[in-house]
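Below you'll find the structure, written out as structure tokens, and then a few comments.
The values are calculated or read from the model by the stated rules, or taken from the named source; none is laboratory data. Just so it is clear, the structure is predicted and the values come from calculations on it, not from any experiment. Cβ coordinates were reconstructed from backbone atoms using ideal geometry, including for glycine residues, and neighbour counts include every protein chain displayed. Accessible surface areas use protein heavy atoms only, side chains included; no ligands, DNA or RNA. Shrake-Rupley method; radii C 1.70, N 1.55, O 1.52, S 1.80 Å.
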Amino acid sequence: MSKGPRIESPTIITPATAAAITGPVLAWYAAAARDLPWRRADRTAWGVMVSEFMLQQTPVARVLEPWQQWLTRWPQPIDLALAPAGEAVRAWGRLGYPRRALRLHAAATEIVERHDGVVPAEEAELRALPGVGAYTAAAIASFAHGRQAVVLDTNVRRVIARAVAGSAQPPPSPTVAERALAESLIPAADPAGWAAASMELGALVCTATGPDCAACPLRDRCRWVLLGRPAYAGPPRRGQAYAGTDRQVRGLLLGVLREHDGPVEAPTLDAVWADSVQRERALGSLVDDGLAIRIGDNHYGLPR
Ligand code: SF4
């Protein structure tokens, strides 16, 4: 990969240029898309919403089984809202970032209380729900309701950065110019299709570390390739360490709490991590986050 100057993104593209990009990607998607249950014709808005919560920073392969179990157990928001929050944390299993389970439970409760149990279609209403940020609101509006929305996840951002802006990676977080560029790409005839297709291209072909350009529908017009694949020259990007972090310890502690129906004695939790200072800090943060509760002087459990 050659070192090169920082490539400034075009902030707007013409409809003809947009069509020359979206058309081949939509055609590729029609033939290559994975058959995922939250994309099928019989999907529900709630199923899409659950998938979007689970897919945050989590690969599809790890989400398929928990998603199916979740929808079987809680097919509508009201079913989850009526369950204890701790059951949502337990069912989240090993998906990671378990605060998502609590937020999904809280969102289900708000959907029941403020939207008659129906997942709203307006992005503003979705964003007002717990755990729903700009990306998730746009994704639910688009995939569940077919609305025109700027769906900017990591995969979509990488495809646009490379194919249109000519940069190896997008900036660390979305910029105003990036959103404007993404918006100018959306085909009015199939906004949801474009969102899904560009996301799938980033997940399967234009991957972070090994883009398979030979298999890409944009190989003949990708700006990054035409520029000679210049190295990323933007602001530094944060890595995500896991081993040895408090996040790992929290996951181990929560795993023990999930395995028990009732309160767990503190010595049982002590066994999962030798460093007592880090273990206590992790346990305290689980309690602070509402993912665990202290019971008496010497026991812990999932929230009720
Ligand atoms: S040609 Fe390569 S770098 Fe460009 S969009 Fe396709 S896979 Fe990504």
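Return the pairs, sorted by first residue and then second, in which the second residue is open to solvent by 40 Å² or more (accessible area, probe 1.4 Å) and not in a helix (DSSP H, G or I), the first residue lies in the stretch 97-122 and is among the charged types (D, E, K, R), the beta carbons are less than 7 Å apart, and the residues are 6+ apart or on different chains. Listed by first residue and then by second, the contacts come to Arg99/Asp289; Arg100/Gln56.
For the stretch 174-220, the set of residues classified as without any contact (Cβ under 8 Å) to a residue 60 or more places away in the chain, among the small types (Gly, Ala, Ser) and open to solvent by less than 40 Å² (accessible area, probe 1.4 Å) consists of Ala182, Ala192, Ala195, Gly202, listed by residue number.
Taken over the stretch 221-234, the criterion of being within 10 Å of the ligand (Cβ to nearest atom) and either crowded, with 21+ Cβ neighbours inside 10 Å or among the aromatic types (Phe, Trp, Tyr) (or both) is satisfied by Cys222, Trp224.
Note on the stretch 153-173: among residues that are away from the ligand (no atom under 16 Å from the Cβ) and touching a residue at least 24 places away in the same chain (Cβ under 8 Å), the one that is least open to solvent (accessible area, probe 1.4 Å) is Pro171.
Condition check: at pLDDT 95 or above and over 25 Å from Ala192 (Cα atoms). Does Val63 satisfy that?
no
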